[in-house]
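Below is one structure, written out as structure tokens; the observations come after it.
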Amino acid sequence: MRSRLEVLRPIAAIALAAVFFFPIYIVVMGMLKPADKIQSSPLGLPLQPTGENLGAVLGRSDGLFWSALLNSVQITVLSVVLLTLLSAMLAHYLVRSHALWTKPAMLVLLAGLMIPPAVILQPVTQVLGAAGLMNSVVGVVASNVAYYLPFGVFVFSGFVGTVPVEIEEAASIDGASRFRLFWQVVFPIMRPAAASVMIFLGVWVWNDFLTPLIILGPEAGTTVTVGVYRSVGEYSTNFGTLYAFSFLASLPVLLFFVALQKQFVAGLTAGSVK
Amino acid sequence: MLRRVREFSGFALPGLFLYGVLVLVPIVWTVVLGFTDRNRFAAETNWVGLQQFQRLLEDDQFWLVLKNTFVVTAIVVVVPNVVGLALALLLNRETRLYRLLRAVFFTPVILSGIVVSVIWQSVLRPDGVLNAVLVDAGVTDAPRWLSDPGIALFSISGILCWQLLGFCVVVYLAGLNAVPQELYEAAIVDGAGWWRRFGSITWPMIASSVTINTVMLLISGFKVYEHILVLTNGGPGRNTTASIAFDVIEKGVRGDRIGFAAAEATIMLGIIVLLSAVVLRLLQRREVNL
Amino acid sequence: MAPRWRGAVAAATLLTVALAGCTSGGKSDSSSAGGPVELTMLTFETPNLPASLWDSAIARVSQKVPGVTIKKLVTPNVDRTTYAKQLASSGQLPDIMMAVNPQGFAEGGQLADFSQDELKDFASPESGAINGKIYQLPTNAQPQSLLYYNKADFAKAGITAAPKTWTDFLAVCAKLKAAGITPIAVGGGGQDTFASMYTWVGTVGTDVYLTDPKFSQEIADGSKTFADPQFVKAADKVAQLAKLGYLDKQGTSRSYADHEKAFRAGSAAMYPMGSWFASSADNDKPKFDVGVFAWPSDDGKAVVPNLTGGGLSVSAKAENVDLAKKFALEWTKDKETSDAFTKADGTFNTIAGYQPPADMGPLFKETLALYNQAVKDGTVTPALSIEQGDNGLPADLTVPIQQIAVELLNGKSDAQAVVSKLDKEYAGLK
């Protein structure tokens, strides 16, 4: 009885995965087909694969894809690095400090996990505008750091708990400042947490749509995700190119995922087995 | 003392400052705006008390938008959760094949909402892939997935489920693997069948995974925006697929009625905070501390 | 180990911050004494109006206006008015904008108005005025909805002449249906909700605006509501078309591009659409011959719902408003640009003395003839939800009307339900 079920397992799993993956298959295959084939045989394999769609996106006269890619990379790297550092430090401070205000501060921070961006988008543009940061990468980064800080603090505060206080006390007795203590003792132990925070935030910031659309605006260019949205209107008759743009826009994050698969899953595991 | 101040400013201040200025202040601002009649082009803004809230509650469109949000959120909280657990049980083996299959299911999770919408648009268009398959199979009146007002909302919910399923699968897998094997072995020795083992051991032990997934799905479903923007723009017909996040952006950022949209955003905030708190409370009580 | 790794992180951060500083945008300080002024211009790209068209026009006109460099901005989708609002909300209103509904912006003092002197070359210098002032150059007359039709389909159904009255029109639809041809194509799917309007624009033109051109103003001052019997009648005409099965059911799922593609592939016999389709059909002939006729009123008048406007607006907060206005006026007067847009989008430039290029295609010429005839007969009307300014509806009502139009087309709402929804939406805007 047991073995019969076991034989069915991979069959069922593969079948389900195939059906599940089908939409992605259509787009990836469509990207490699010339325009007429996409309409006439949407399901078929690209018998004469063509790179013309990919080429059309990469070789656009206004260089939209490349400038958008640069923006996405800048915004993501800056946001993620800053977020990791700031949330790690803040989490450590809040957990270790015994001041009265830290507990409520932590609650206020964690409450931020559920704020939908639509609620604060308009006032955020006003605040950034007042600081002269609208239309700039810095403005988007600042907004990202503030918005995702609760997540970083949430993950790191869980890990700070796993660092034995004795180690910190020992280092402190040896005369280390809090700063040195943090960097040389605590943070290295929290590396797995840092890895999962960076991975999650990297994906979320890269795929973010509303914030760069509204804050970066048309003047400072777009990100690659907003670029896909623009392509929907622009390539409305040319699906192959639209698919190519979507694929290229997702490629960096897909490669990132493939390279760091183990840490990804480990990050989720760590979070759920607190 | 000075050292304490320096530590605070180095460690805590930057994060707290940014959070305060770009999250807390905007929240307060939104709430305050909801009590005004601020319009983008009007010269002055006046305090109008609860008038915007009153108008919202009297507006059919608001209730429609709210209903849409609840429908999508309910579907998104339940379906990927249940199916995710089932899939996790199915895929709970450590060979290369299963790792690959898990990656397949996880891929949509790391795609942006815009890309997911582009993918599904080509599947659900009237002359798209799904209808092509149905027509080949002999279906004469293929459903209009995105333009039939009775179906469109469910199509969008389904797309979101597709995108979030992989996340639930991975979280459940982690939870399942954290259950000590000895418990199962002891239960088998005692003669417990599969269902009994699941109900008495597995289900209680993965409670924290259930919490994480449910809360994550709740927040994701509630804030759905990009999918609606690309696939239906709130239609077909008046607001049949508009969610509350979509309506807030339409009225407040892409439209002129800033005060009105702020009131709506305040209600939205209140609902999600309440829902999250309730759900978290209910679920965390179940979690077993090892 | 820790310090080394920390150093790498610090270096990476510094590098990216430096890069960000180099390329971050924001309004560049180009107004250093004597340097050229940089003005932003909001454009939109469609299959008819690709980037190359805009770029060459900008280059050409920039040469005529020394001291100005134009930074081109592109709307992410076709809805440039909504995008302009979004930009305005974050304080980034572009200096020059093409075909953006000035309503709201004008009353809020965000746009510069043009003087009568600046408008002296325009054929209808009062078109689209808001509170009597012109905030958008009334550059083009562009019929917004005409009945383009597949001549082969008409022949197949035994229809020999274009319908002259509404009853004739219904008879034509019945004949087509009997011959197994879908009579009327409709759109409005995906993001392109605007494409749902064209049938309704036609019936409101014949039944409301023809006899009561000031209807929108009467709505605004409260003397009429959408429940006015004439308006209900117009809505009911569309509802009847839906009920009788004359509308293509699949239409409301289609994006705008798919909508045109479907008509070209023979999805329906008639294609209510603006005159830009004439250019598209002339530039890329469909497999069948295309004819056109205007919307027939009950008593046989040929109505052309029209929008005169669609030109450039200038932000009141531009760095150099005069220079921006000069650019706008030069753009409008530049024959090559006008020719390019006429060819691409089927507009009739209203600058005095402008003649469309002689090599315009046959369908364009037919459309122009229809329009000129309607001008002579006094049957040019505003276009519902498209007309702007004092004689139009509030801009915030545009998307709701378009969405409600989809309900009319789907048969989901009847005329009474539709007008009461409209009245409610309108009341909500006050």
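The values are calculated or read from the model by the stated rules, or taken from the named source; none is laboratory data. Remember, predicted model here, so these are calculated numbers, not experimental data. Don't worry about glycine lacking a Cβ; one is built from the backbone with ideal geometry, like all the others, and counts go over all protein chains shown.
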Go over the candidates B:S200, B:S220 one by one and state the one that is more than 9 Å from every other protein chain (Cβ to nearest Cβ), hydroxyl-bearing (S, T, Y) and surrounded by 17 or more Cβ atoms within 10 Å (Cβ to Cβ). B:S220
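If you take the residues in region B:108-120 that are at the interface with chain A (Cβ under 7 Å from one of its Cβ atoms) and in contact (Cβ under 8 Å) with a residue 40 or more places away in the chain, which one is nearest to A:V19 (Cα to Cα)?
Looking at residues that are at the interface with chain A (Cβ under 7 Å from one of its Cβ atoms) and in contact (Cβ under 8 Å) with a residue 40 or more places away in the chain, I get B:W120.
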Taking region B:12-49 only, how many residues are in contact (Cβ under 8 Å) with a residue 40 or more places away in the chain, at the interface with another protein chain (Cβ under 7 Å from one of its Cβ atoms) and among the aliphatic types (A, V, I, L, M)? 1
Count, please, the residues in region C:167-200 that happen to be β-branched (V, I, T) and assigned to a loop (DSSP other than H, G, I, E, B). 3
Which of (1) of a type in the set (V, I, T); (2) surrounded by 20 or more Cβ atoms within 10 Å (Cβ to Cβ); (3) modelled with pLDDT under 95 does C:T211 not meet, given it meets every other one? (2)
Given (1) facing another protein chain (nearest Cβ under 9 Å); (2) part of a helix (DSSP H, G or I), number of the condition B:R238 does not satisfy: (2)
When you check A:G175 against the structure, is it under 22 Å from A:L86 (Cβ atoms), more than 7 Å from every other protein chain (Cβ to nearest Cβ) and surrounded by fewer than 18 Cβ atoms within 10 Å (Cβ to Cβ), yes or no? no
Tabulated pairs, region B:61-85, first within 14 Å of another protein chain (Cβ to nearest Cβ), second of a type in the set (D, E), C-beta under 6 angstrom, 6+ apart or interchain: B:V65/B:D247
Taking the condition among the small types (G, A, S) and touching a strand residue (DSSP E or B) at 6+ places or on another chain (Cβ under 8 Å), does B:G235 pass? no
Taking the criterion of being touching an Asp or Glu at 6+ places or on another chain (Cβ under 7 Å), of a type in the set (A, V, I, L, M, F, W, C), in contact (Cβ under 8 Å) with a residue 12 or more places away in the chain and part of a helix (DSSP H, G or I), would at least one residue in region C:326-338 satisfy it? yes
Give C:L137, C:L146, C:L176, C:L119 a once-over and let me know the one that is more than 26 Å from C:K287 (Cβ to Cβ), in contact with a Pro (Cβ under 8 Å, 6 or more places away or on another chain) and among the aliphatic types (A, V, I, L, M). C:L119
State whether one or more residues within region A:64-72 are within 15 Å of A:L201 (Cβ to Cβ), at pLDDT 90 or above and in contact with a Leu (Cβ under 7 Å, 6 or more places away or on another chain). no
Region C:264-284, subset part of a helix (DSSP H, G or I) and within 13 Å of another protein chain (Cβ to nearest Cβ), residue surrounded by the most Cβ atoms within 10 Å (Cβ to Cβ): C:S280
Among the listed residues C:A242, C:A227, identify the single one that is assigned to a helix (DSSP H, G or I) and under 30 Å from C:K424 (Cα atoms). C:A242
Looking only at region C:281-329, which residues are within 30 Å of C:Y148 (Cβ to Cβ) and among the β-branched types (V, I, T)? C:V290, C:V292, C:V303, C:V304, C:T308
Mind listing whichever residues of region C:143-166 are under 16 Å from C:T199 (Cα atoms) and not aliphatic (A, V, I, L, M)? C:P143, C:Q144, C:S145, C:Y148, C:Y149, C:P163, C:T165, C:W166
Residues in region C:40-91 that are surrounded by 17 or more Cβ atoms within 10 Å (Cβ to Cβ), at the interface with another protein chain (Cβ under 8 Å from one of its Cβ atoms) and more than 23 Å from the chain's Cα centre (by Cα) total 2
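Results for (1) modelled with pLDDT under 90; (2) within 27 Å of B:G166 (Cβ to Cβ); (3) in contact with a Cys (Cβ under 9 Å, 6 or more places away or on another chain), shown as yes or no for each residue.
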{"residue": "B:Q181", "(1), (2), (3)": "yes, yes, no"}
{"residue": "B:V189", "(1), (2), (3)": "yes, no, no"}
{"residue": "B:V215", "(1), (2), (3)": "no, yes, no"}
{"residue": "B:F222", "(1), (2), (3)": "no, yes, no"}
{"residue": "B:E226", "(1), (2), (3)": "no, yes, no"}
{"residue": "B:A245", "(1), (2), (3)": "no, yes, no"}
{"residue": "B:R254", "(1), (2), (3)": "yes, no, no"}
{"residue": "B:A261", "(1), (2), (3)": "no, no, no"}
{"residue": "B:V288", "(1), (2), (3)": "yes, yes, no"}
Unmet criterion (only one of (1) of a type outside the set (S, T, N, Q); (2) more than 10 Å from chain A (Cβ to nearest Cβ); (3) over 27 Å from B:S155 (Cβ atoms); (4) crowded, with 17+ Cβ neighbours inside 10 Å) for B:G255: (3)
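Table: residues versus (1) under 29 Å from the mean Cα position of the chain (by Cα); (2) in a helix (DSSP H, G or I); (3) farther than 27 Å from C:P50 by Cα; (4) of a type in the set (S, T, Y).
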| site | (1), (2), (3), (4) |
| --- | --- |
| A:R4 | no, yes, yes, no |
| A:I38 | no, yes, no, no |
| A:L47 | no, no, yes, no |
| A:F65 | yes, yes, no, no |
Which members of region C:407-424 meet the condition of being within 19 Å of B:D148 (Cα to Cα) and either at the interface with chain B (Cβ under 10 Å from one of its Cβ atoms) or polar (S, T, N, Q) (or both)? C:E407, C:L408, C:L409, C:N410, C:K412, C:S413, C:V418
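Yes or no, residue by residue, for (1) part of a strand (DSSP E or B); (2) among the polar types (S, T, N, Q); (3) in contact (Cβ under 8 Å) with a residue 60 or more places away in the chain:
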site: C:Q86; (1), (2), (3): no, yes, no
site: C:G91; (1), (2), (3): no, no, no
site: C:V100; (1), (2), (3): no, no, yes
site: C:G104; (1), (2), (3): no, no, yes
site: C:Q116; (1), (2), (3): no, yes, no
site: C:L119; (1), (2), (3): no, no, no
site: C:P138; (1), (2), (3): no, no, yes
site: C:Q142; (1), (2), (3): yes, yes, yes
site: C:F154; (1), (2), (3): no, no, yes
Would you tally the residues in region B:259-279 being surrounded by 24 or more Cβ atoms within 10 Å (Cβ to Cβ) and hydrophobic (A, V, I, L, M, F, W, C)? 6
Failed item, numbered, when A:L251 is tested on (1) more than 10 Å from every other protein chain (Cβ to nearest Cβ); (2) buried (at least 22 other Cβ atoms within 10 Å of the Cβ); (3) modelled with pLDDT of 90 or more: (2)
Is at least one residue of region A:52-65 over 18 Å from A:L251 (Cβ atoms), without any contact (Cβ under 8 Å) to a residue 40 or more places away in the chain and more than 10 Å from chain B (Cβ to nearest Cβ)? yes
Matching residues in region A:8-32 (surrounded by 10 or more Cβ atoms within 10 Å (Cβ to Cβ), more than 9 Å from every other protein chain (Cβ to nearest Cβ) and part of a helix (DSSP H, G or I)) number 6
In region C:355-393, the residues that are of a type outside the set (S, T, N, Q), more than 15 Å from the chain's Cα centre (by Cα) and closer than 30 Å to B:N239 by Cα: C:D390
Quick one: B:E250 ticks every box in (1) in a helix (DSSP H, G or I); (2) acidic (D, E); (3) surrounded by fewer than 21 Cβ atoms within 10 Å (Cβ to Cβ) bar one, so which box is it? (3)
